[in-house]
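Each reported figure results from applying straightforward, stated rules to the coordinates on display, with no laboratory input. Keep in mind that this is a model prediction, so the values were computed, not measured. Every residue, glycine among them, receives a Cβ derived from its backbone with ideal geometry; neighbour counts consider all protein chains shown.
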Amino acid sequence: MDIFLQQTVNALALGGTYALLALGLAVVFSIMGLINFAHGELMTIAGYVLMYCGIAGLSFVIAVPLALLASVVAAVLMERIAFRPVRNGSGATMLVTSFAVAMILQVLFQNLISTRSQPVLLPAMLSDSVHIMGMVIGVNKLAAIIATVVMLVFLDWFMKHQKTGIAMRAAAEDFAVARLMGIRANTVIAGAFALSGLLAGVAAVLWVSQRASVDPLMGFMPVLKAFIAAILGGLGSLRGAVAGGFLLGFIEIYLSAFLPPEMQEFREPIGLGIVVLVLLFRPNGLIPSATLKAEKV
Amino acid sequence: MKKLLTLTAVGAMLAAPTFADTLRLGAATAQTGGLAPYDAPVMEGIHIAIDEINAAGGIGGTTKIELIEKDVRSDAAQTSIAVQELVDTGVSALILPCDADPSLAAIGIVSSAEIPAISTCASSPTLPMIGGDYMFANFPGDNVQATVSAAWAQEQGHDTAYIIYSPDSQYTTMPLYFAEVFEKMGGKVLGQDTHSIGQQDFSAIATRIAALPEQPDVIMTSSYEPDFPSMLKALRSAGVTSQMIGSDGIDSPTTFSLGDAGEGVVFTTAGYAEEGSPLEAFNKKYMDATGSESQTVFNAVGYDLIKVIEAAVLAADGSTDPKALRDAIANLENVQGATSAITYKGTDGMPVRQVSLIRVKDAGREFLGSPSPDAALIPAPRMQ
């Protein structure tokens, strides 16, 4: 039972990180219909900011807000420079644009910073662990769970009580009608990107605090997980993204924890098999978006 | 223009069987993508060696080295395309990427063109076995590294081990060699776990190990960044205090900047810059050439590779004929490189080189020695 509880805490921490990542994709998708595969590069940018702050001797307390700021600014710039010109293009055009942005950024990181991964200095406290009710919980796990809860509460408040948030929800439901009601498209879309940048930044801090290094290709794996989580939860639905992220985290941790040793090698195919199974029964995801009426063929 | 180039190249090749004034080397390495962290520093070392040799008038004072470089983007298919292009320009020897898998993608072209090829830093002993007569490695083999670290663990009185490996690449299965040697020497392997390369979260594995009825004395892995730091931190924060043993993949600045978690980690690598050693001399050259400290032994490994080619040209009496070079490389003995003396004679292409044991201490390197492994203990290469 102890082990089960312990693994559940692990799953909560990982699932929370996935939820933040999937939310970042979903916020933009719900409004623009774009799956931003350059989302991972926003994380890489935040990671490099943490690295440079460490080199400059800045405290982690200052480095984290700077990293978040950098990824928000980068997200807004990404929208302004790369996605605004193709905003009225087809879904495929925007998708390919996002791949291009991701690749260009990766090559820039490789050429301007380093091909090798760079160490990020982290406060020693993050490697510690605390004992709670007989369980050993790493401080970075605890931080992940707290950060996820804080971000989810913030997002809920922002979407329900903030003008931009309400406008974003309206735009997600019907962009054309929302614009007729006087909502500015540029503001809403830039807001969505800024929000996704913030989510990427928080996820990056959690991600980097585990791996202690950044490299130019770091963003690929998280964006892939976020994509799976977003599809699992229901593409374009914010609640779905959170549910999908947590479910993916639970699937991964429980398989890794409780699959018999001789089956461990097949952990990932089994995990993805479960995802497919869920989608067979709920083809639009766990909590589908009300407006994206994908049909079962 | 391209035709003209090819014609001149073919012409040059036909016209110059012995005592050529240039040796054309083709490098198809990964300057971008997942292998770039290894291949990029190797190429820096290669450039330093070539500049040094050419500044002294070339190999043996006559043969200058001309390097043609292509980026294979860490991609197997791109490696074989780049190698074909290099073969078409008439190179005398080829330099292939750091991992066995992309290097093997080029093997058909290498074998049929009969041009010797050296992988920058692949360490899987299966590479020359599968690759055939023209494929050479330039790094201590995985099975040799594992033997050195297993013997060290036993010497320290560690009797039980746990291994964590990834079946995703040949290199990351090194712990299987470790387990084989460790058991052969009388140790007990308590269990094993697998992960995938790039896996972010090791908490499930760490929790399982922490809950074992008997804690292992050592945990061995050949995972590298970003997996290794995540794994180590997860284990330590789950309360696992076993001795961690790694391999050359973690010979990187990150390993030395992990704070308390990183302290005491032991790993095998290709060399250590003792005072007065050739590696220390190389590191000075690196500093002069680039203006910064060498951060990894892979710089020196690149230098080694060119030293091997230089020795082969000298042994072949100045010939740049690919076949003569292959035979010369296969018979090289005790070539002094930057990291170690290198011997190919009597091997199938996996060189005999020194393996150094390093321990992380006070965020720096503590040299534990370069023991010669007992040949009887070295496991046979294992085909995947």
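Per-residue counts of other Cβ atoms within 10 Å, averaged by peptide: what ranking do you get for B:257-270, A:142-155, highest first?
B:257-270, A:142-155
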Show me the ranking of peptides B:187-196, B:72-81, A:223-232 by mean Cβ neighbours inside 10 Å, starting with the highest. A:223-232, B:72-81, B:187-196
Largest first, please: the extent of the C-alpha atoms of the stretch B:171-245 along each principal axis, to the nearest Å. 33, 30, 16
With N residues in chain A, what two-decimal value do you get for its Cα radius of gyration over 2.2 N^0.38 Å? 1.00
How big is the Rg/Rh ratio for the stretch B:269-315, C-alpha atoms only, Rh by Kirkwood, two decimals? 1.01
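How would B:Tyr38, B:Tyr134 line up from fewest to most surrounding beta-carbon atoms within 10 angstrom?
Ordered from fewest to most neighbouring Cβ atoms within 10 Å, B:Tyr38, B:Tyr134 come out as B:Tyr134, B:Tyr38.
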Can you put A:His131, A:His39 in order, fewest other beta carbons within 10 Å first? A:His131, A:His39
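What do you get when you divide the Cα radius of gyration of the stretch B:233-384 by 2.2 N^0.38 Å, with N the number of residues? Provide the component values of the computation, followed by the final result.
Values: Rg = 18.2 Å, N = 152, 2.2 N^0.38 = 14.8 Å.
Ratio of Cα Rg to 2.2 N^0.38 Å: 1.22.
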Whole-Hz Karplus couplings 3J(HN,Hα) for the stretch B:64-76, θ = phi - 60° and coefficients 6.51, -1.76, 1.60, Gly and Pro as x, run 7, 9, 10, 10, 10, 10, 9, 8, 9, 6, 6, 10, 5
Rounded, prolate or oblate for the stretch A:114-167? Axes are the square roots of the Cα gyration tensor eigenvalues, ordered a ≥ b ≥ c, and the cut-off for rounded is a/c under 1.5. oblate
Return the long-range amide H neighbours of B:Ile219 (sequence gap of 5 or more, or a different chain), with a cut-off of under 5 Å between placed amide H atoms. B:Tyr162, B:Gln243, B:Met244, B:Ile245
Given H placed on each backbone N at 1.01 Å, which residues far from B:Ile68 in sequence or on other chains put an amide H within less than 5 Å of it? B:Leu25, B:Gly26, B:Ala27
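Would you tell me the mean number of C-beta atoms belonging to other protein chains that fall within 10 Å of each C-beta in A:132-142, as a whole number?
Numbers: counts 0, 0, 0, 1, 7, 3, 8, 1, 4, 5, 0.
Per residue, the average neighbour count from other chains is 3.
Shielding of A:111-120 by partners, i.e. mean partner chain Cβ atoms within 10 Å per residue? Walk me through the intermediate numbers first.
Working: counts 2, 0, 0, 5, 12, 12, 8, 6, 10, 3.
Mean shielding by partner chains, rounded to a whole number: 6.
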Proximal aspartates and glutamates relative to B:Lys64, as straight alpha-carbon distance under 15 Å, when same-chain residues fewer than 8 apart are discounted: B:Asp21, B:Asp51, B:Glu52, B:Glu310, B:Asp317, B:Asp321
For the protein assembly as shown, size of Cβ-based charge dipole, Lys and Arg +1, Asp and Glu -1, in debye: 2880
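What fraction, in whole percent, of alpha-carbon pairs in the stretch A:160-262 exceed 18 Å separation?
Numbers: 3261 of 5253 pairs.
Within the stretch A:160-262, distances greater than 18 Å cover 62 percent of Cα pairs.
When a/c is below 1.5 the answer is rounded, else prolate if a/b is larger than b/c, else oblate, so apply that to the stretch B:54-115 with a ≥ b ≥ c taken from the square roots of the Cα gyration tensor eigenvalues.
Working: a/c = 2.52, a/b = 1.96, b/c = 1.29.
Taking the square roots of the gyration eigenvalues as a ≥ b ≥ c, the stretch B:54-115 is prolate.
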What is the Cα centroid distance between the stretch B:364-384 and the stretch B:249-300, reported in whole angstrom? 19
Just to be sure I understand: if I project the alpha-carbon convex hull of the stretch B:206-274 onto a plane and average over all orientations, what area do I get in nm²? 4.7
Two pseudo-spin positions, 7 Å from Cα along C-beta at B:Ala76 and at A:Ile113, lie apart in nanometres by 2.9
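If one computes P(r) from the Cα atoms of the protein assembly as shown, what percent of pairs lie at distances over 40 Å? All intermediate terms of the calculation are to be shown ahead of the outcome.
Details: 82227 of 231540 pairs.
I get 36 percent for the Cα pairs in the protein assembly as shown exceeding 40 Å.
R0 = 41 Å: FRET efficiency of A:Leu180 with A:Leu280, Cβ-based, nearest 0.05?
Approximately 0.60, to the nearest 0.05.
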Enumerate the calculated ³J(HN,Hα) couplings along the stretch B:251-265 in order (Karplus 6.51 cos²θ - 1.76 cosθ + 1.60, θ = phi - 60°), each rounded to whole Hz, writing x wherever the residue is Gly or Pro. 6, 8, x, 4, 4, 8, 10, 8, x, 4, 4, x, 4, x, 4
Helix B:298-315 versus the longest principal axis of chain B: what is the Cα-based angle in degrees, 0 to 90, to the nearest 10? 40
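FRET efficiency for B:Glu52 and B:Thr347, Cβ-Cβ distance as r, R0 = 22 Å, nearest 0.05? Could you put the intermediate results ahead of the total?
Working: r = 27 Å, r/R0 = 1.22.
The formula returns an efficiency of 0.25 here.
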Report the gain in length on full extension from A:Ala290 to A:Ile166: 0.36 nm times residue separation, minus Cα-Cα distance, nm rounded to one decimal. 43.0 nm
Partner chain coverage, peptide B:232-238 - average Cβ within 10 angstrom: 6
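For chain A, what does the helix formula give at 222 nm: sum of -39500 (n - 2.57) over DSSP H segments with n ≥ 4, over the residue count, nearest 500 deg cm²/dmol?
On the way: 11 runs with 206 residues, N = 297.
Using -39500 (n - 2.57) per qualifying helix, the result is -23500 deg cm²/dmol.
Calculate the translational D of the stretch B:139-186 in whole µm² s⁻¹ from Stokes-Einstein, where the hydrodynamic radius comes from the Kirkwood formula applied to all Cα pairs, the temperature is 20 °C and the viscosity 1.002 mPa s. Spell out each step's value before the answer.
Values: Rh = 10.9 Å.
The diffusion coefficient I find is 197 µm²/s.
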Within 10 Å of each residue's Cβ, count the other Cβ atoms and sort A:Val130, A:Val139, B:Val144 from fewest upward. A:Val130, A:Val139, B:Val144
Protection proxy ranking of A:23-34, A:70-81 - average other beta-carbon atoms within 10 Å, highest first: A:23-34, A:70-81
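Summarise the long-distance tail of P(r) for the stretch B:59-207 by giving the % of C-alpha pairs beyond 23 Å. It would help to have the intermediate numbers written out before the result.
Numbers: 5450 of 11026 pairs.
Pairs farther apart than 23 Å: 49 percent.
Rounded to two decimal places and with Rh computed the Kirkwood way over Cα pairs, what is Rg over Rh for the stretch A:6-74? Write out the running numbers ahead of the final one.
Details: Rg = 14.5 Å, Rh = 13.6 Å.
Expressed as Rg/Rh, it is 1.07.
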Would you pull out the residues with amide H under 5 Å of B:His195's amide H, same chain only if 5 or more places away, H placed 1.01 Å from N? B:Tyr165, B:Ser166
Which number comes out as Rg/Rh for chain B once both Rg and the Kirkwood Rh are worked out on C-alpha atoms? 0.99
Put a dot 7 Å past each Cα toward the Cβ at B:Glu69 and A:Glu173; how far apart are the dots in nm? 5.8
Cα principal axis extents for the stretch A:32-115, largest first, Å: 46, 25, 16
Phi-based couplings in Hz for the stretch B:49-63 (Karplus 6.51, -1.76, 1.60; Gly and Pro marked x): 5, 5, 4, 5, 5, 5, 5, 8, x, x, 5, x, x, 10, 8
